[in-house]
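Undergrad: Dumping the structure here so I can ask a few things about it.
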Amino acid sequence: MKIFQQSLTFREKRRGFHLITGDILQAMPQISEISTGMCQVFIQHTSASLTINENADPTVRKDFEMYFNKTVKENDPDYEHDYEGSDDMPAHLKASLLGSSVMIPIRNGRLALGTWQGIYLCEHRDRGGARGVVVTVWGE
Amino acid sequence: MKIFQQSLTFREKRRGFHLITGDILQAMPQISEISTGMCQVFIQHTSASLTINENADPTVRKDFEMYFNKTVKENDPDYEHDYEGSDDMPAHLKASLLGSSVMIPIRNGRLALGTWQGIYLCEHRDRGGARGVVVTVWGE
Amino acid sequence: MKIFQQSLTFREKRRGFHLITGDILQAMPQISEISTGMCQVFIQHTSASLTINENADPTVRKDFEMYFNKTVKENDPDYEHDYEGSDDMPAHLKASLLGSSVMIPIRNGRLALGTWQGIYLCEHRDRGGARGVVVTVWGE
């Protein structure tokens, strides 16, 4: 069984949901060496997250931003953690609702994603800065 | 370390939450050959999802359907992605809230699930069609 | 490739969000033997969950409890599964929103967590009792 790991840094992205499948594939060409295995992508932050969703129509990603803003309100007077800006505590909540990692099986040297699946980097802050991601792949 | 992978297809299920622990065990008898390892189940779709929850009382699964319908509304006029039916964009959102994979440790040839834990296939569309799932198991 | 697994039991915690990164590290000293690998933490329950979030300011964890109580209401008359107490069905829903496992890459003998990331055990019941967790680590 082989294992490979690669860190990559995404330059600051605007608040919203961004497709990064291509960046992951580019950062980890060793996926092609694995016939049966697994790929994990992990984001090292608590106000950004990763998820898998529709890779074609950009309005899906706009609707994600709209929905999560409605569901996790800014300026809720009940927040105690409010000194880092009105987008901060909502960003922490969104990050845990969506999760800090995705796991995708590898089959015959390729990610076994469905036709419509892509990896999203979800930026929940207005000025989130650069984001560090760790990609780990194992299998044989 | 050994690794095994199996694809399986579930025939169309009605919208709602369905226990599939038995199907996973049946599709992957090699779990019994692993004394210490891991099992990942991945769904290759963006309008259906997987989660782990209560495996006994069917009303729990009915309440899941009720809760997620309340929380992720259909026909929100703010959706831009609305041409595939009123259940489509909510299905994408529910899929990311719940997630596209579950991971369960293997111990002594069995999934180390708690007494009350089962794997749910969560069908978020009215007519979702057949659903492809990939089961991957590794360990020694 | 090596693989290690360890079960641990947390004594009953009060309802809310609790940092357990230190407990996981203590239960699995073999992390230091792995230069490239992965750590999975799995909770064997359906009314408690695991997530990764901010490890410094305790008000973040208080705001998590506040937010999830607002979002997943107790005593919704639409719940059918209500005979185990008003906190029971909400606990199942919160558990699936947050998830039953976290996965963290290992690099150079350490969890590759970001500076502000910690592992939360999320206790969703008023009297959840002891909670069983399985930690699995693999790599080389």
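Undergrad: Considering only residues that are within 9 Å of another protein chain (Cβ to nearest Cβ), within 30 Å of residue A:4 (Cβ to Cβ) and either open to solvent by 10 Å² or more (accessible area, probe 1.4 Å) or of a type outside the set (S, T, N, Q) (or both), which ones fall in the range C:130-140?
TA: Selection gives C:134, C:135, C:138, C:139, C:140.
Undergrad: Kindly indicate which of B:119, B:43 is within 9 Å of another protein chain (Cβ to nearest Cβ), surrounded by 16 or more Cβ atoms within 10 Å (Cβ to Cβ) and farther than 26 Å from residue C:73 by Cβ. Give the steps one after another, and end with the answer.
TA: Details: B:119 fails: within 9 Å of another protein chain (Cβ to nearest Cβ).
From the options B:119, B:43, the qualifying one is B:43.
Undergrad: Could I ask something else about it? Consider residue C:127 carefully, then state whether it is at the interface with chain A (Cβ under 10 Å from one of its Cβ atoms), of a type in the set (Lys, Arg) and open to solvent by 10 Å² or more (accessible area, probe 1.4 Å).
TA: Criteria not met by residue C:127.
Undergrad: Right, next: I'd like to know if the range C:89-99 contains one or more residues that are over 17 Å from residue A:96 (Cα atoms) and surrounded by fewer than 22 Cβ atoms within 10 Å (Cβ to Cβ).
TA: no
Undergrad: Here are the criteria: (1) surrounded by 18 or more Cβ atoms within 10 Å (Cβ to Cβ); (2) in contact with a Pro (Cβ under 6 Å, 6 or more places away or on another chain); (3) touching a residue at least 12 places away in the same chain (Cβ under 8 Å); (4) of a type outside the set (Lys, Arg). Tell me which single one residue A:112 does not satisfy.
TA: So residue A:112 meets the others, but not (3).
Undergrad: Further question on the same structure: Among the residues of the range B:60-83, write down those that are surrounded by 14 or more Cβ atoms within 10 Å (Cβ to Cβ), within 22 Å of the chain's Cα centre (by Cα) and more than 19 Å from residue B:18 (Cβ to Cβ).
TA: If the condition is that a residue be surrounded by 14 or more Cβ atoms within 10 Å (Cβ to Cβ), within 22 Å of the chain's Cα centre (by Cα) and more than 19 Å from residue B:18 (Cβ to Cβ), then B:71, B:73, B:74 are the ones that fit.
Undergrad: Looking only at the range C:68-97, which residues are in contact with a Phe, Trp or Tyr (Cβ under 8 Å, 6 or more places away or on another chain) and within 14 Å of chain A (Cβ to nearest Cβ)?
TA: Passing the criteria: C:72, C:93, C:94, C:96, C:97.
Undergrad: Going through the range C:14-26 one residue at a time, which ones are surrounded by fewer than 16 Cβ atoms within 10 Å (Cβ to Cβ) and among the hydrophobic types (A, V, I, L, M, F, W, C)?
TA: Once the filter is applied, which keeps residues that are surrounded by fewer than 16 Cβ atoms within 10 Å (Cβ to Cβ) and among the hydrophobic types (A, V, I, L, M, F, W, C), the range C:14-26 yields nothing.
Undergrad: Six or more apart or on different chains, Cβ under 6 Å: which pairs go from a residue in the range B:73-88 that's in contact (Cβ under 8 Å) with a residue 12 or more places away in the chain and under 17 Å from residue B:122 (Cβ atoms) to one that's polar (S, T, N, Q) and surrounded by fewer than 16 Cβ atoms within 10 Å (Cβ to Cβ)? Could you list them?
TA: Sorted first by the residue in the range B:73-88, then by its partner, the pairs are B:74/B:86.
Undergrad: Taking the range B:44-68, which residues are touching a helix residue (DSSP H, G or I) at 6+ places or on another chain (Cβ under 8 Å) and closer than 26 Å to residue A:62 by Cβ?
TA: B:45, B:46, B:47, B:48, B:49, B:50, B:51, B:67, B:68
Undergrad: Now for a different question. Within the range A:120-136, is there a residue that is part of a loop (DSSP other than H, G, I, E, B), in contact (Cβ under 8 Å) with a residue 60 or more places away in the chain and among the hydrophobic types (A, V, I, L, M, F, W, C)?
TA: Scanning the range A:120-136 turns up at least one residue that is part of a loop (DSSP other than H, G, I, E, B), in contact (Cβ under 8 Å) with a residue 60 or more places away in the chain and among the hydrophobic types (A, V, I, L, M, F, W, C).
Undergrad: When the range B:47-65 is examined, which residues are found to be over 21 Å from residue B:129 (Cα atoms) and not in a loop (DSSP other than H, G, I, E, B)?
TA: Answer for the range B:47-65, where residues must be over 21 Å from residue B:129 (Cα atoms) and not in a loop (DSSP other than H, G, I, E, B): B:52, B:53, B:54, B:58, B:59, B:60, B:63.
Undergrad: For the structure I just gave you, tell me whether residue C:32 is more than 23 Å from residue A:93 (Cα to Cα), more than 9 Å from chain B (Cβ to nearest Cβ), touching a residue at least 60 places away in the same chain (Cβ under 8 Å) and surrounded by fewer than 16 Cβ atoms within 10 Å (Cβ to Cβ).
TA: Working: more than 23 Å from residue A:93 (Cα to Cα): yes; more than 9 Å from chain B (Cβ to nearest Cβ): yes; touching a residue at least 60 places away in the same chain (Cβ under 8 Å): yes; surrounded by fewer than 16 Cβ atoms within 10 Å (Cβ to Cβ): yes.
Judged against the criteria, residue C:32 is a match.
Undergrad: Residue B:106 is checked against (1) in a loop (DSSP other than H, G, I, E, B); (2) over 19 Å from residue B:48 (Cβ atoms); (3) in contact with a helix residue (DSSP H, G or I) (Cβ under 8 Å, 6 or more places away or on another chain) and fails just one. What number does that condition carry?
TA: (1)
Undergrad: Also: Out of C:62, C:73, report the one residue that is charged (D, E, K, R) and out of contact with any strand residue (DSSP E or B) (no Cβ under 9 Å at 6 or more places or on another chain).
TA: Going through C:62, C:73 in turn, just one is charged (D, E, K, R) and out of contact with any strand residue (DSSP E or B) (no Cβ under 9 Å at 6 or more places or on another chain): C:73.
The values are calculated or read from the model by the stated rules, or taken from the named source; none is laboratory data. Since the structure is predicted, the reported quantities are computational estimates derived from the model, not experimental observations. Ideal geometry is used to build each Cβ from the backbone, glycine not excepted, and the neighbour counts take in all protein chains shown. In case anyone asks, the SASA skips ligands and DNA or RNA and just uses the protein heavy atoms, side chains included. Shrake-Rupley method; radii C 1.70, N 1.55, O 1.52, S 1.80 Å.
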